[in-house]
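A short write-up of the structure that comes next.
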Amino acid sequence: MGAIVSERTLMLRVGVGFVLVLLMMIASTAVGLLRLADANQRMRQIVDQANVSNELVYRMKDALRERAILMHSISLLKDRFDQEELLLKYSQYGSGFVEARTRLLTIATDAESLAVLDDMRKLTMEAQPLAAQALEMALRGKQAAAQELIRQRVSGVQNAILLNVSKLQRIQQERLGKAVEEVELGYRGTRLLMLVLGGVAGALGIGIAVFVLGNTRRQAGMLRHQAMYDALTDLPNRTLWADRLDWMLRLAAREKLSFAVLLIDLDRFKEINDTLGHAVGDEVLRQTASRWRTCLRESDTIARLGGDEFAVLLPTANTMDGAIEVARKIIQTMSTPVVIGQRNLDVSLSIGIALYPAHGENSEILQRRADSAMYVAKRTQSGYRVFSEDLSADEEGRLTMQSDLKRAIDAAEFFLHYQPKIDFEHSLVKGVEALVRWQHPEKGLIMPDRFIPLAEKTGLIKPLTNDILKMALKQCRAWQEAGLDLTVAVNISAISVQDPDFPDQIGRLLTQYQLHPNRLELEVTESAVMTDPARAIDCIRRLAETGILVSIDDFGTGYSSMTNLKDFMVAKIKIDRSFVKDMATRHSDDVIVRSTIELGHNLGLKVVAEGVEDKAAWERLKSLGCDSAQGYYMSRPLSPDAFLDWLNKSPWKASSSGT
């Protein structure tokens, strides 16, 4: 019995000790969790306040930039209505700037931020009467005086305000870093307390404490990650990008190093969002970001700056060739479609490249010049472009052109030239291609490669396409009344071929101009069709069922498969000029042209060759059985009157109503 009692006593003591350890464990866990909850709440408040402050600062910076652009545009315009329209936007951006600054005053608590905001207020009060004076001069027709006042006085004050905005942004980033450090100190204190209590509680308490510590570390890491990384793509965000770029600039200045900055923008991403929805757009961003990671080094940084805009920092790319090689690798990752559910989306991109110190010695200049190069790459569809000094003037011209584009559509400054298409079998002009031009009142003739990408990006492509169709159909009707049996071909963008209302719009225009649908031919590029093949097939099918001819333009430069080509219900394919112009001297181009003609005929399609610039190409195409051709060998694009003169003199005559 005694032994039994001793055993029971031992068990009781062990039980009491275990209960004490358990109570200590519970106490240590409770204290730790309460302090962690407080620290996490503090971190969330810091992150939320930093995000709000950053958003307000970016809004102020955008408002300042847009007001500067609008003021410049108002000083250039002479039409009072256009000026007042831009003046209204100018006032709206001013209200947005004041609203953002007022909200920052309610958020800012430190003396340094308040001092910057007060200085900004004083500069704003200084700038307002000068800006108002310049605008008043412009509205009274004194453009030169207004521009001089802007250059001499207004721009300086505006730049000072912008510097204050950048300074405020830097202060906020420094405060965020200090606040994170303070919270991390709190975490360290919590860890120490829990270690002490865990040691007293024994092995079990230590185990629980270790678990809680691990959870604390993960939680802190998650919160830091959320503050510095993009939630959608898990790439560094704008804040972390700015930090790494500034660090690299300091290192490069100290060590005399060179490095490269790349800005990437997805082509036609707005169309994907508008036609397929933001969920599909988000998935496109996730998949593209994942692909790009595979071709970058661990020392490189790729960040999402917002929307479909990304940036890459290449610290070891000390030559232009090195930066170009990386750009090509990034472009190559998009050579296969992005698969989302049942959709295969062909996504292309444009990259701008700037090198330190050749193209700039601070972050703002480097990024602005990379952005200028990226826009040129987008406009020329070249994939990538390295910054050069001539792009600075081009960027200023682009901003001015953007404000001029809507006015030009309203003012009917666009007109069409027509390039004849010659039928090989009958040696007759069976149709023409309508090519748009912009007669700018100050800049003169502007070709479509300069304004079409801008129209697509700003959403003005729809009204512009409608005007082009009206002009083309009106001219076709005039030729028909004159006894000429001609079709007219019009180029349409990806936005049109993905628009379910587009076939009905075409039907209304044909009715308006009393034309049979087979008088109109619509040309769409491979890449535009492949943005969303399902939608494109449906749109082309509806157009074809009414009798409208649809052709694939620039065939051979995109990603169309033979299966897709069969499903598209198109009437023609056009061989891209890049294959036609050198086919007489390059065997590979000759093979591609011959194969394309055979493919088209096997699928029951007509084949048109564009870019025929000499008799050798003409004769070779004729011998290969090509159906028709166009190019400078026959005629360059002509005005309607010049086209009729050419018809009277050329060896090829137009089809007449009786032919």
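Among (1) aromatic (F, W, Y); (2) in contact (Cβ under 8 Å) with a residue 40 or more places away in the chain; (3) within 20 Å of L416 (Cβ to Cβ), where does W652 come up short? It fails just one condition, (3).
Of all residues in region 289-300, which are polar (S, T, N, Q) and more than 19 Å from M334 (Cα to Cα)? Listed by number, the list holds a single entry, S299. Hey, any hits in region 596-609 for a residue that's more than 20 Å from K572 (Cβ to Cβ) and without any contact (Cβ under 8 Å) to a residue 24 or more places away in the chain? No, region 596-609 contains no residue that is more than 20 Å from K572 (Cβ to Cβ) and without any contact (Cβ under 8 Å) to a residue 24 or more places away in the chain.
With respect to A260, is the statement that it is open to solvent by less than 20 Å² (accessible area, probe 1.4 Å), over 19 Å from the mean Cα position of the chain (by Cα) and of a type outside the set (V, I, T) true? Reasoning before the result, please.
Working: open to solvent by less than 20 Å² (accessible area, probe 1.4 Å): yes; over 19 Å from the mean Cα position of the chain (by Cα): yes; of a type outside the set (V, I, T): yes.
Taking the combined requirement at face value, the residue satisfies it.
Region 270-356 holds strands (runs of 3 or more DSSP E) entirely within its bounds, and those carrying 3 or more residues that are surrounded by 14 or more Cβ atoms within 10 Å (Cβ to Cβ) and touching a helix residue (DSSP H, G or I) at 6+ places or on another chain (Cβ under 7 Å) map to 301-306, 309-314, 343-345, 349-356. Listed by first and then second residue, the pairs linking a residue in region 613-635 that is closer than 17 Å to S650 by Cβ to a residue that is open to solvent by 60 Å² or more (accessible area, probe 1.4 Å) and assigned to a strand (DSSP E or B), with Cβ atoms under 7 Å apart and 6 or more places separating them unless they lie on different chains, are S628/K430.
Remark: V154 falls outside the filter, which requires a residue to be of a type in the set (V, I, T), more than 25 Å from Q83 (Cα to Cα) and open to solvent by less than 30 Å² (accessible area, probe 1.4 Å).
Any residue at all in region 490-512 that is acidic (D, E), assigned to a helix (DSSP H, G or I) and closer than 28 Å to A629 by Cβ? Looking for residues that are acidic (D, E), assigned to a helix (DSSP H, G or I) and closer than 28 Å to A629 by Cβ, one finds none in region 490-512, hence no.
Of all residues being among the small types (G, A, S) and open to solvent by less than 40 Å² (accessible area, probe 1.4 Å) in region 227-257, which is farthest from I351 (Cα to Cα)? Just the residue, please.
We begin by selecting, within region 227-257, every residue among the small types (G, A, S); these are 227, 231, 242, 252-253.
From the residues that got through so far, the ones that are open to solvent by less than 40 Å² (accessible area, probe 1.4 Å) too are 227, 242, 252.
Details: A227: 27, A242: 19, A252: 23 Å.
Checking each candidate, the answer is A227.
The values are calculated or read from the model by the stated rules, or taken from the named source; none is laboratory data. Predicted, not measured: the structure shown is a model, and the values here were computed from it. So basically every Cβ, Gly included, is an ideal-geometry build from the backbone, and we count neighbours across all protein chains shown. For accessibility, only protein heavy atoms count, side chains too; no ligands or nucleic acids. Shrake-Rupley method; radii C 1.70, N 1.55, O 1.52, S 1.80 Å.
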